[in-house]
Amino acid sequence: MTNRTAEKTEACAAALRRHRFEAEVVKDAEAAFALMKVVVEAENPQLVSFGDSMTMRGTGIVEWLRSNGRLTLLDGFDASKPYEERLEIRRRALLSDLFITGVNAVTEQGTLHWLDKVGNRIAPVAFGPRKVIIVAGRNKIVADRDEAEERIRRIAAPQNVARHPGFRTPCAKTGVCADCNSQDRICNTRMEMLRCWPDKRVLVILIDEDSGL
């Protein structure tokens, strides 16, 4: 980690704070996990859910939530359940007390950007849960909205498709977005969060190392 990289991450956090997000910089996934545990203890939620994120899963927070007997975890990604049941669990996540997920891009201007297939990751971020935690590696930081959209198109979306065997999209074969109309297309709903309301409802944890897609 260079001083320049660390300065960029801290500057991004400062921009997020100016836009009324709560933002913290941590050195690695282990530190992110420790911070999330503190937040969960402070919030004392009864109902918790999450949106799929490699960065978030890499911290180990999901396993810890499963073992926490003081809360109920809504897991909309339990492969042992039928797909329709998993979708219903994801709908219930809109009423959770705490929601945890990742993000496709964070700009140095202090905004958050996603592109989603189903929308279950972005809908609870926008409205519903009383507290939201977003976890992002420093590789998600980009200059502005245009770079955020380009990052999603060239990196996040094609690589996300690649980790789901059986998805039949052009980018699954070429690794390049073709703005397709496939039934398996994962780029259906775009969201950008420009400011946080109410103040500090959303905590953004920036990990000062590369993590996720």
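The values are calculated or read from the model by the stated rules, or taken from the named source; none is laboratory data. Worth saying up front: this structure is predicted, and the values here are computed from it rather than measured. Reconstructed Cβ throughout: ideal geometry from the backbone, glycine too, with neighbour counts over all protein chains shown. SASA here: full protein model, heavy atoms, side chains in, ligands and nucleic acids out. Shrake-Rupley method; radii C 1.70, N 1.55, O 1.52, S 1.80 Å.
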Once amide H atoms are placed 1.01 Å from N in the peptide plane, what residues at a sequence separation of 5 or more from Gly137, or on another chain, have their amide H within under 5 Å of its amide H? Ile207, Ser211
Once ligands and nucleic acids are excluded and a 1.4 Å probe is used, how much of Ser80 is accessible, expressed in Å² to the nearest 10? 100
Treating only the Cβ of Lys, Arg, Asp and Glu as charged (+1, +1, -1, -1), what charge dipole size does the chain show about its Cα centre? Round to the nearest 20 debye. 360
Point-to-point label distance, Asp210-Glu63, nm (Cα→Cβ direction, 7 Å offset): 2.4
Spin-label pair Trp197/Ala143, simplified geometry with 7 Å Cα→Cβ offset, distance in nm: 3.0
So how do Ser67, Ser49, Ser182 rank on accessible area, 1.4 Å probe, biggest first, that is with the largest at the start? Ser67, Ser182, Ser49
If you place +1 on the Cβ of every Lys and Arg and -1 on the Cβ of every Asp and Glu, how big does the dipole about the Cα centre of the stretch 1-67 come out, in debye to the nearest 20? 220
More than 32 Å apart: what percent of Cα pairs in the chain qualify? 14
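Give me the mean projected area, in nm² to one decimal, of the convex hull enclosing the Cα positions of the stretch 1-118.
That works out to 8.3 nm².
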So what does log10 I(q)/I(0) come out to for the stretch 89-213 at q = 0.23 Å⁻¹, using the Debye formula with one equal point on every Cα and no solvent? -1.39
Using a 1.4 Å probe, how large is the accessible area of His113, given in Å² and rounded to the nearest 10? 10
So who's got an amide H within less than 5 Å of the one on Ala23, skipping anything under 5 residues away but keeping other chains? H placed 1.01 Å off N, in plane. Val204
Given points 7 Å out from each Cα along the Cα-Cβ axis, report the Arg17 to Arg190 separation in nanometres with one decimal. 3.1
For Arg90, tell me the accessible area in Å² from a 1.4 Å probe, rounded to the nearest 10. 30
Whole number in Å², please: accessible area per residue of the stretch 90-213, 1.4 Å probe, ligands, DNA and RNA not counted. 49
Residue-span extension gain [Glu41 to Leu95] - 0.36 nm each, minus C-alpha spacing: 17.5 nm
